[in-house]
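Asks: I have a structure I would like to understand better, so I am pasting it below and will then ask my questions one at a time.
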Amino acid sequence: MSKPPKLSLAAIVAAATPQERPSPGRAGLRSAEIVALTPAAKAPPQAEAPRSSATLKQRARQMSVYLEPPVYDQLRDLAHAERTKMHGLMLEALDLLFKQRGSRSIAQLTDHLPR
C-alpha cells in the first residue's frame, strides 16, 4: 500500500478557500487577498501588587527538596494523620531548626511583612 501524498500548506489553504470562477483573461489564476496584520494591543504593565494583597506564591521563593522515598512516605503519612499539608510540616520543621540553632523563628522573620 502506498503512502498518502504529503500535504503542503498551499494545498491546505487552496482546499479551504472557496474556488473563484476564472475570468477569460486569467485562465486558472486565483487572486490573492492581502491581509494586513496589526499587533494586538499590549496590556498595560501591571504594577507590583502591594505585599498586603500578594499571595504566598507571589511573595515567596520556591525551593525543591529531594527526599528518599521512605522519608517522603513518612512525611505524607504524618500529614494525612494530622489532616494537614506536608508544606506546613516542613515549615514547622524549619522553625524547630531555627530555634535549635538560636536563629529567629519564621513568625519573627515575617512580622515586618504586612499580609
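Values quoted throughout were computed directly from the atomic coordinates according to the rules given, and no laboratory measurement underlies them. Keep in mind that what you see is a predicted model, and the values were worked out from it rather than measured. Note that we place each Cβ from the backbone using ideal geometry, even for glycine, and neighbour counts take in every protein chain shown.
Asks: For M63 and L94, calculate 0.36 nm times their separation in residues minus their Cα-Cα distance, and state this gained length in nm to one decimal.
Replies: 9.9 nm
Asks: Just grab the label-to-label distance for D77 and R104, each label 7 Å out from Cα along the Cβ direction, in nm (one decimal).
Replies: 3.8
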